[in-house]
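The values are calculated or read from the model by the stated rules, or taken from the named source; none is laboratory data. Note that the structure is a prediction, hence the values are computed from the model and not measured. All Cβ positions, even for glycine, are placed from backbone atoms using ideal geometry, and neighbour counts span all protein chains on display.
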Amino acid sequence: MEEEKPSVDVQPLENDCVDLGEAGFDINGSSLEGGGQILRNSVSICALLHRNLHIYNIRAKRSKPGLKAQHLHGIMLVRDMYNGQLTGGE
């Protein structure tokens, strides 16, 4: 009898991530926990894929929403490593 292998089926959250094709991704930062993890993962993955990224509602579910200094510095590091551009981030 063949052993069953674990499998995962991942579906995007409805309206929380839009693949804009060549233009990149448009992501709602309030998805899931609404914290910094979606920001960190999205920036890293898009940098590796050389795709543009627009994130809105960053850390919206936190008591103090928006970018904190450590988030901005991490994004700036990835930007510099990949010769990218950053707009916003204030």
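Would you confirm whether any residue within region 62-74 is modelled with pLDDT of 85 or more, of a type in the set (D, E, K, R) and assigned to a helix (DSSP H, G or I)? No, the conditions are met nowhere in region 62-74. Whenever a residue of region 39-51 is more than 12 Å from HIS71 (Cα to Cα), its partners that are in a helix (DSSP H, G or I), lying with C-beta atoms within less than 6 angstrom and at least six residues away or across chains, give the pairs ALA47/VAL78.
Being in contact (Cβ under 8 Å) with a residue 24 or more places away in the chain and surrounded by fewer than 20 Cβ atoms within 10 Å (Cβ to Cβ) is the filter here; which residues of region 24-38 pass it?
Residues of region 24-38 that are in contact (Cβ under 8 Å) with a residue 24 or more places away in the chain, as a first pass: 24-30, 33-36.
Listed by number, the residues that qualify are GLY24, PHE25, ASP26, ASN28, SER30, GLU33, GLY34, GLY35, GLY36.
When region 39-61 is limited to residues that are assigned to a strand (DSSP E or B) and of a type in the set (A, V, I, L, M), the one that is surrounded by the most Cβ atoms within 10 Å (Cβ to Cβ) turns out to be ILE55.
Collect the residues in region 29-48 that are more than 14 Å from LEU72 (Cα to Cα), at pLDDT 85 or above and not small (Gly, Ala, Ser), keeping them in residue-number order. Hits for region 29-48 are ILE45, CYS46, LEU48.
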